[in-house]
C-alpha cells in the first residue's frame, strides 16, 4: 500500500444477519457464518453486523449428531433479518420443513437478502425463490439441483454467484469466499481485507473461479506461487507483465499459466488485474480523490482504465465508490 493516504473512517451502521439452523446442518458452514458475521471486530473498532442464530426447534442436532444447539433464537428471528443465511445439509433429497420454507419466502417477499452456503441452495429452490435465477452449489450437487428444479439456472463450476438479492456459494470453503465478497460489497475492500487477515484466508478469490481443479500429482511437485505473488503485490504500481512474473518465478510463461490455473484457478493477468483493482478500491476508501494518482499507484495506468475496471467489479464509478466507502461514508 503506498504511504501517505488517509485512514478511512468506520461509521457504517450494523446490518442484521440471521443464520437458519435446521436438523442435520453441516457444522463447517455454520462455523463460517459465525466467523464471518457473528464475531466482534475489535481490530476495526466496530462490529460489522448484528448476528443471530435461529432454528425451528429449541434443540437442534447437527450433522451426524456430532453435537446439538440449544438456546438459539426461535425461527421468528428470521423475520427481522436484513440478510438471511441458509446453511447446508448433507442429504439434498430430504425436504425442508414447511416452517423453514415459509421463513425463506417471507424474507424474500419483504426484500431481505438471501444467502445460501453449499447445498442450502436446495432450500431456496424449495421455497420457490430461485426460479429463473443464477445460483451456485457444490459441484457434486449440480445435477441433482438441475433435475429437481429445472427452472433454476445452475452455474456448474464457480465459487459463488452474486445475483443481487440472492447470493449462493459452492461447497465448504467457498462459503468464506462468498462471505468476504458480501463484506466487501457492504463495507469495502479495506474492511474485507482486514477480516480475511484475521481468518488467515485469501482476501479475494473471484466468484467465477473454478470450484475444483482436477489434475494428476506431478512427479516433482510445483513450487508454491506464494513468493512471486508477494513480490508482485509489493510492486503493483510498476508496469508488471506476465513475463515479469514468469522471470521472477524462473519459469516460462507457459509454466506460469499452468501453475496459476492449478493453484489459483485463474490466469496470471486476471490475478494481477484483480489485485490492482483491489488496491485502487482501498485507496478510494482511504479518501484519495485524485483519479490519476490512484490509477498510477495501483498500476492500472489511466483513469479511463480505472473507471472501466472498477465499474466492472463494483458497478460504481470511482467517485460513487469513494462516496459510499470513503471517510465519512454512512
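The values are calculated or read from the model by the stated rules, or taken from the named source; none is laboratory data. Because the structure is a prediction, the values reported are computed rather than measured. Please note: Cβ atoms are built from the backbone with ideal geometry, for glycine as well, and neighbour counts cover all protein chains shown.
I need the full set of residues from segment 54-63 which are in contact (Cβ under 8 Å) with a residue 12 or more places away in the chain and either surrounded by fewer than 18 Cβ atoms within 10 Å (Cβ to Cβ) or out of contact with any helix residue (DSSP H, G or I) (no Cβ under 8 Å at 6 or more places or on another chain) (or both), in order please. Quick ask: steps written out before the conclusion?
Filtering segment 54-63 down to residues in contact (Cβ under 8 Å) with a residue 12 or more places away in the chain leaves 54-58, 60-63.
If the condition is that a residue be in contact (Cβ under 8 Å) with a residue 12 or more places away in the chain and either surrounded by fewer than 18 Cβ atoms within 10 Å (Cβ to Cβ) or out of contact with any helix residue (DSSP H, G or I) (no Cβ under 8 Å at 6 or more places or on another chain) (or both), then 57, 58, 60, 61 are the ones that fit.
Looking only at segment 261-274, count every residue that is in contact with a helix residue (DSSP H, G or I) (Cβ under 7 Å, 6 or more places away or on another chain) and either at pLDDT below 90 or not in a helix (DSSP H, G or I) (or both) and tell me the total. Of the residues in that region, 3 qualify.
This table checks each residue for (1) under 11 Å from the mean Cα position of the chain (by Cα); (2) over 22 Å from residue 30 (Cα atoms); (3) modelled with pLDDT under 95; (4) surrounded by 19 or more Cβ atoms within 10 Å (Cβ to Cβ).
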position	(1), (2), (3), (4)
139	no, no, yes, no
153	no, yes, no, no
160	yes, no, yes, yes
170	yes, no, yes, yes
173	yes, no, yes, no
192	yes, no, yes, yes
195	no, no, yes, yes
200	no, no, yes, no
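One residue stands out in segment 285-304 among those that are in a helix (DSSP H, G or I) and buried (at least 17 other Cβ atoms within 10 Å of the Cβ): the one that is nearest to the chain's Cα centre (by Cα), namely 285. Any residue that is under 23 Å from residue 75 (Cβ atoms) and either in the same structural domain as residue 299 (by TED's automatic domain parsing) or at pLDDT below 90 (or both) - is there at least one of those in segment 1-14? Yes - at least one qualifying residue is present in segment 1-14. The residue of segment 25-56 that is farthest from residue 74 (Cα to Cα), among those that are outside any helix (DSSP H, G or I) and touching a strand residue (DSSP E or B) at 6+ places or on another chain (Cβ under 6 Å), is 49.
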